[in-house]
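Asker: Got a structure here, written out as structure tokens. Questions coming.
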Amino acid sequence: MRGQAFRQLRSGWCSWLGLVLMFSVAVSASAAEVDVDELVNAQADAATELAQEIWNFAELGYLEKRSSVRLQDFLRAGGFIITAPAAEIPTAFTASYGSGEPVITLLAEFDALPGLSQAAEPVRRALLEGAGGHACGHHLFGAASVTAAVAIAQWLEETGASGTVRVYGTPAEEGGSGKVYLARAGLFDDVDVALHWHPSDRNNASPSSTNANKSGRFTFHGIAAHAASAPHRGRSALDGVEAMNYMVNMMREHVPSDARIHYVITDGGDAPNIVPERAQVYYYVRHPRAATVVELFERVVTAGQAAALGTDTTMDHEVMHGNYPLMPNDTLARLVDGNLRELGGFRYNAVERQFAKQIRQTLPGSEAIPIDSTLEIQPFMFRQSMGSTDVGDVSWLVPTVGFTTATWVPGTPAHSWQAVAAGGTSGAHKGMLLAARLLARTGIELFEDPQIIDNAKTELVQRRGEDFHYEALLGDRQPPLDYRL
């Protein structure tokens, strides 16, 4: 009797196992039949239109109202559930599709830079004098990320795979540390992997790091007086700024050689014959280690306090932003690099090539980089950037990987009018769509192989240490929503 029952149980179990195996094979076959590149290519026109709209808006950090809405609309049309605002930032948002684990998040930036308005032409011509421009290509960044996310969502739907794809709309990367506030609010607590990319003049998926940084505005307050008839009755706030700058410049000899300290005077008074009652200087401090940035920034603060004491003025300072250095993840970088090499670069058509030749005439030294390098994938090797990004904070919380594609004419530096001009052309759109395909491929591969995610998490813990405790460099300040006003 027991033997018969066992045989029936075994028979039923085998039948159940057979169904499971058949289902698994069916899902795998279905997944294999889905052409990820085609899912992106089908959105090419819509993605290009989206990128051009945001390029035209050229909205500055925390003021990107139209850009944010357009990105949200694109995702909503793709079936995503939108939550806005996010982390008490009016232009930040989250968008989600699917359910369960893993949770793969794509970052989407969309802010422009001040004073870099430029037509999509190979000669300097502002569209609106003094207005902003996308000199860092964030219009392409956001558009590619949402395009890839929609493609991943379609793949999840067509294959029946489990998991969640999210997009975080992250404003004010340029000096506003938008992602830091999202990180501080806990939005990455349940994220398994974060994907990002950035426009560039090269195709590169190497692991990299950046400088940590911290910035602050130092405002000096003095006493106004007639600079000729009663200078003895005044106390110059501008003297305080200049004394501070002098001391910080002397400090440069006694800081680590890989540190960077730079400043701009944002308010120097109103007229030469009035002793300035108010003056302000804006400082950035950078270094590859966050702890060193904190130490150097405090020395800058001390210099400001000493300057106020020596000029009989008062000084107050406001921390504007702070970012961790980017944490590289070799596990994820090798995955992205392999996918990028499979996809390859792209070639300019005749019109794009002529544009590139003309704009390179305005870029001394650009001839050292071949125009056809858009076809190449850069060697896989660790790279240390002297710049900074708020993606750094994210990368210390979850395994994070990024890459660049050639959206600008080879030899073009970021934050230049040439980058703005190129960003509004079809050559940039080719690089953007390459980025979208790469994001989509990588995201789907992570859904298919959870072991990659586990390995990436193990690497993150090893690099940052098991006892790591996240504390934002900008402290508990609220987002500076008016910092570009």
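No value in this document is a laboratory result; all are computed from the given coordinates. Being a predicted model, the structure only gives us computed values, none of them experimental. Reconstructed Cβ throughout: ideal geometry from the backbone, glycine too, with neighbour counts over all protein chains shown.
Asker: Using only Cα atoms and rounding to the nearest 10 degrees, what angle (0 to 90) does helix 2-33 make with the longest principal axis of the chain?
Answerer: 50 degrees
Asker: Using +1 at the C-beta of Lys and Arg and -1 at the C-beta of Asp and Glu, which of I359, T83, N323 has the Cα lying farthest in the positive direction of the dipole of the chain?
Answerer: Checking the options against the dipole of the chain, the answer is I359.
Asker: Given the convex hull of the Cα atoms of the chain, what is a quarter of its surface area in nm²?
Answerer: Value for the chain: 27.7 nm².
Asker: At 222 nm, what value in deg cm²/dmol follows for the chain if DSSP H runs of at least 4 each add -39500 (n - 2.57) and the sum is divided by all its residues, to the nearest 500?
Answerer: -14000 deg cm²/dmol, from helical runs alone.
Asker: Helix 65-77 sits at what angle to the longest principal axis of the chain, using alpha carbons and giving 0 to 90 degrees rounded to 10?
Answerer: 0 degrees
Asker: Which of the peptides 120-128, 316-324, 139-147, 158-166 is most tightly packed, and how do the rest follow, judged by the mean count of other Cβ atoms within 10 Å per residue?
Answerer: Answer by packing, highest mean first, reads 139-147, 316-324, 158-166, 120-128.
Asker: Provide the per-residue ³J(HN,Hα) series for region 195-207, in order, calculated from phi with Karplus coefficients 6.51, -1.76, 1.60 and θ = phi - 60°, each as a whole number of Hz, with x at glycine and proline positions.
Answerer: Couplings: 10, 8, 7, 8, x, 6, 10, 9, 9, 8, 10, 5, x Hz.
Asker: Okay, moving on. What aspartates and glutamates could a cross-link reach from K357, if we take a straight Cα to Cα line under 15 Å and drop same-chain neighbours fewer than 8 places away?
Answerer: Correct list for K357: E121, D201, E367, D372.
Asker: Still on this structure, I have one more. What are the lysines whose alpha-carbon lies under 27 Å from the alpha-carbon of K65, with same-chain residues fewer than 8 places away excluded?
Answerer: Within reach: K179, K214, K430.
Asker: Consider a paramagnetic label point 7 Å from the Cα of R334 along Cα→Cβ; state which residues of region 388-429 have an amide N under 19 Å from it.
Answerer: Correct set: 399-403.
Asker: Given an 8 Å cut-off on Cα distances and at least 6 residues of separation, report the relative contact order of the chain as a percent. Spell out each step's value before the answer.
Answerer: Details: 1056 pairs, mean separation 105.6, N = 485.
Here the relative contact order equals 22 percent.
Asker: From Cα pairs below 8 angstrom and at least 6 apart in sequence, can you work out the relative contact order of region 212-323, rounded to a whole percent?
Answerer: Relative contact order of region 212-323: 46 percent.
Asker: Can I ask one more? Angle check, please: helix 138-159 long axis (alpha carbons) against the longest principal axis of the chain (alpha carbons), in degrees 0 to 90, nearest 10.
Answerer: Approximately 20 degrees, to the nearest 10.
Asker: Let me ask something else about it. Mind jotting down the distance between the C-alpha centroids of region 374-415 and region 83-140, whole Å?
Answerer: 17 Å
Asker: Kindly put H415, H287 in sequence by how many other C-beta atoms sit within 10 Å of each C-beta, fewest to most.
Answerer: Going from sparsest to densest Cβ surroundings: H415, H287.
Asker: Exposure proxy check: D312, D390 ranked by fewest other beta carbons within 10 Å?
Answerer: Ascending number of Cβ neighbours within 10 Å: D312, D390.
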